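Read the structure below first, then the notes.
Laboratory data are not the source of any read-out in this text; all were calculated from the coordinates shown. Treat the numbers as computed from the prediction; the structure is a model and nothing was measured. Every residue, glycine among them, receives a Cβ derived from its backbone with ideal geometry; neighbour counts consider all protein chains shown.
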Amino acid sequence: MKITRFQRAAVTVVAAVALPLALTSCSSDEKDTKAESSSAAEDKADETPDASAGDTTDAPFGPACASVPKTGPGSFDGMGRAPVATAASNNPELSTLVTAVQKAGLVDTLNTAQNITVFAPTNDAFAKLPKADLDAVLADKAMLTKILTYHVVGEKLAKRQLVSGTYPTLQKSTLTTSGSDDSYKVNDAAAVVCGDVPTANATVHIIDTVLMPK
């Protein structure tokens, strides 16, 4: 069949109109596909567990935690913002320990150390020692340093690590921990009365007895 000049012109016009529409349709389809892919990726990301989600600090535990102030420098939040020696100085139950640390010249050592654990005896723990013995220790810097550094472990120990363990101390010997639930002991002698207390550079476990290195 012979195609006339007018028919060819009509075909050309139709093609010229159809081509942009086809391109527009393809572009729209591509955008929709990309949008769907992006939405699916976001949904998948939302469903994927955050690797850091489990990296949380354990909450403080133990009977003596109830007496910790709710607000201020001596609260858990306040202590968590300060290095360990400074944090301890804000807790009135640790004033004898703070005095001992100052006499031994260990404030800067403890405040600048990173990722340590301090087993911190309460005032009542120091009061268990005969006064003459305590006074003698406080007057003997070398002995005092030996005792205090025995209370410090060079890594952060959370509650789950206290179940059963032996850990080297800064005094160059070891201490042991044992227990379960919220009941733990150190060297089978000192009970943890408030554990997992956060400070800026250390975890503190407050104990009811002064530990003595062998």
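Kirkwood Rh over alpha-carbon pairs of the stretch 161-214, then Stokes-Einstein at 10 °C and 1.306 mPa s: what D in µm² s⁻¹, rounded to an integer?
Values: Rh = 11.7 Å.
After rounding, the answer is 136 µm²/s.
Classify the stretch 63-207: rounded, prolate or oblate, from the alpha-carbon gyration tensor (a ≥ b ≥ c, eigenvalue square roots; a/c under 1.5 rounded; otherwise prolate if a/b is larger than b/c)? The partial results should precede the final answer.
Numbers: a/c = 1.31, a/b = 1.11, b/c = 1.18.
Here the stretch 63-207 falls in the rounded category.
Quick one: what are the phi-derived ³J(HN,Hα) couplings along the stretch 84-99, Karplus 6.51/-1.76/1.60 with θ = phi - 60°, whole Hz, x for glycine and proline?
Listing the rounded values in order: 4, 5, 5, 4, 4, 5, 8, 10, x, 6, 10, 5, 5, 4, 4, 4 Hz.
Within the set of other residues whose C-beta is less than 15 Å from the C-beta of V101, count the net charge using Lys and Arg as +1 and Asp and Glu as -1. The partial results should precede the final answer.
Numbers: positive: K103, K141, K146; negative: E93, D108, D140.
Around V101, the charge tally is 0.
Within 13 Å, Cβ to Cβ, of A87, how many net charges do the neighbouring residues add up to if Lys/Arg are +1 and Asp/Glu are -1? Write down the numbers at each step before the final one.
On the way: positive: R81; negative: D77, E93.
My count for the surroundings of A87 gives -1.
Want the number for D77 to S178: 0.36 nm per residue separation, take away the alpha-carbon distance, what's left? Could you put the intermediate results ahead of the total?
Details: separation 101, 0.36 × 101 = 36.36 nm, distance 2.73 nm.
Extra length available between D77 and S178 comes to 33.6 nm.
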